[in-house]
Amino acid sequence: MDPNGGKKRMFNKLSKQQAIAKLEGESFKRKTLSFYRYVILKSPFQLRDQLYVHWTELGVLGRIYLAHEGVNAQLSVPEHNWEAFVKNVHANEYFAAMPFKIAVEDDGQSFFKLTIKVRNQIVADGLKINEYDVTNVGKHLDAKQWNKAMRCGATVVDMRNYYESEIGKFEGAICPEAETFKEELPAVKKLLKGKEQEQILLYCTGGIRCEKTSAYLKHHGFNDVSQLHGGIIDYARQLEKNEKLENKFEGKNFVFDERLGERISDKIISNCHQCGKPSDTHINCRNVNCNLLFIQCENCKKENKGCCSPECIKVANLPIEKQEEIRKGQQNKKRFHSHSKVDLSKAFNKKND
């Protein structure tokens, strides 16, 4: 039952196909952005309903998580409603003077519906309350300060999941082989053992994971912890404003929306999971029963019909009714879905034998 007095949940009633069709029919441009803040929200369910009403009126699309500890939002806003949106956000007592991180590459297709959910945490970390203090976080560095610290030999740590760092990272960064932020925190602490007195640089997509990580590391005895202000998104923006700044990021920045990535440099550091050729384009398997996230080049996408395996090609080519039948039953629901690191090339060839 909804803790907000049993009030009816608000949600978008359009199907994905209907929502995408509506989005493609828009005659105006959109602006994609993200923001977060650790702040005590007294009534997150009530705030959720208020935001849903106001932002629906403004045509806002996106994915927002609220918790008693704060907000984590990724949004798409019609350009003609931008000023009204900013005014609405900053008028909220919890979001006053909220800084926004604007997307580097934006085709207006980042989100197709508005979803606002209340969760226990805005980023799932598995930490106990006595393992960190969000009021004691690392120093925030801008792009110039970050580059200087890198040149001076600081240890750089990527606080994102492996499939994010696989397509893009800072030069020489430590990239833990973790699938979730919850797994990554203890892994990073272990990897940095013995470096408690050295300078540690943390970075992530927009800064939110580094905020918690820096507090966690400082709690565990790391004395010189810094984080990239605004994450990779803001770093790229600062590069645009200052052409003299050296770009130390290689490849793409993974983003959690329909785009799945935005290019920060021309360098391709990853390979197609099926043929092994240079590629850094993520795709979700066209078989919705699978939905596996993997890297697929254009040639393999054409040859394999946007699927990860022959088995998925067969399922994806079935009539919709048949695909729905396959999904029925707990044993079949999302039965192939995983973010696990898999050698898809071997898996595909094996199934073709």
Next on the checklist: Would you confirm, using the coordinates I've provided, whether Thr155 is polar (S, T, N, Q), modelled with pLDDT of 95 or more and outside the structural domain of Tyr36 (by TED's automatic domain parsing)?
Outcome noted: yes
Checklist entry - Say we look at the range 19-74 and pick out the residues that are closer than 25 Å to Asp234 by Cα and among the charged types (D, E, K, R); which of these is modelled with the lowest pLDDT? => result Glu69
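Sort out for me the strands (runs of 3 or more DSSP E) sitting completely within the range 237-327 that have 2 or more residues that are of a type outside the set (S, T, N, Q) and within 30 Å of Asp142 (Cβ to Cβ).
Fully inside the range 237-327 and qualifying: 249-253.
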Checklist entry - Would you call Gln274 farther than 22 Å from Thr32 by Cβ, buried (at least 21 other Cβ atoms within 10 Å of the Cβ) and at pLDDT 95 or above? => result no
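Filter the strands (runs of 3 or more DSSP E) completely within the range 132-215 down to those with at least 3 residues that are in contact with a Phe, Trp or Tyr (Cβ under 9 Å, 6 or more places away or on another chain).
155-158, 168-170, 199-203
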Item to check | Candidate set from the range 255-271 (those that are modelled with pLDDT of 95 or more and of a type in the set (Lys, Arg)); member that is nearest to Gln323 (Cα to Cα) | outcome: Arg263
Checklist entry - So Ser340 clears everything in (1) touching a helix residue (DSSP H, G or I) at 6+ places or on another chain (Cβ under 9 Å); (2) polar (S, T, N, Q); (3) modelled with pLDDT under 90 except one condition, right? Which one? => result (1)
Checklist entry - Does Arg63 qualify as being under 27 Å from Tyr132 (Cβ atoms) and under 23 Å from the mean Cα position of the chain (by Cα)? => result yes
Checklist entry - Is the range 289-302 home to any residue that is surrounded by 12 or more Cβ atoms within 10 Å (Cβ to Cβ), within 30 Å of Ile264 (Cα to Cα), modelled with pLDDT of 85 or more and among the β-branched types (Val, Ile, Thr)? => result yes
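Could we say that Val118 is within 18 Å of Cys204 (Cβ to Cβ) and touching a residue at least 12 places away in the same chain (Cβ under 8 Å) here?
Working: within 18 Å of Cys204 (Cβ to Cβ): no; touching a residue at least 12 places away in the same chain (Cβ under 8 Å): yes.
Considered against the rule, which asks whether it is within 18 Å of Cys204 (Cβ to Cβ) and touching a residue at least 12 places away in the same chain (Cβ under 8 Å), Val118 comes out as no.
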Checklist entry - Can you name every residue in the range 114-131 that is among the aliphatic types (A, V, I, L, M) and in a strand (DSSP E or B)? => result Leu114, Ile116, Val118
Item to check | Residue list for the range 17-65, restricted to those being touching a helix residue (DSSP H, G or I) at 6+ places or on another chain (Cβ under 8 Å), buried (at least 19 other Cβ atoms within 10 Å of the Cβ) and farther than 23 Å from Arg259 by Cα | outcome: Leu41
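Hey, could you check the range 242-271 for residues that are of a type in the set (Gly, Ala, Ser) and crowded, with 18+ Cβ neighbours inside 10 Å and say which is farthest from Asp106 (Cα to Cα)? Break it down into steps so the answer makes sense when it comes.
Residues of the range 242-271 that are of a type in the set (Gly, Ala, Ser), as a first pass: 251, 261, 265, 270.
Subset that is crowded, with 18+ Cβ neighbours inside 10 Å: 251, 261, 270.
On the way: Gly251: 17, Gly261: 10, Ser270: 22 Å.
This residue is Ser270.
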Item to check | Given (1) touching a Cys at 6+ places or on another chain (Cβ under 8 Å); (2) closer than 18 Å to Ile200 by Cβ, number of the condition Gln145 does not satisfy | outcome: (1)
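Yes or no, residue by residue, for (1) of a type in the set (Asp, Glu); (2) outside the structural domain of Lys144 (by TED's automatic domain parsing); (3) farther than 27 Å from Ile233 by Cβ; (4) within 21 Å of the chain's Cα centre (by Cα):
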residue: Glu250; (1), (2), (3), (4): yes, yes, no, yes
residue: Phe256; (1), (2), (3), (4): no, yes, no, yes
residue: Leu260; (1), (2), (3), (4): no, yes, no, yes
residue: Asn289; (1), (2), (3), (4): no, yes, yes, no
residue: Gly306; (1), (2), (3), (4): no, yes, yes, no
residue: Ile313; (1), (2), (3), (4): no, yes, yes, no
residue: Leu318; (1), (2), (3), (4): no, yes, yes, no
residue: Lys328; (1), (2), (3), (4): no, yes, yes, no
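The values are calculated or read from the model by the stated rules, or taken from the named source; none is laboratory data. It should be emphasised that the depicted structure is a prediction, and the values quoted were computed from it without experimental measurement. Virtual Cβ from ideal backbone geometry, glycine too; neighbours counted across all protein chains shown.
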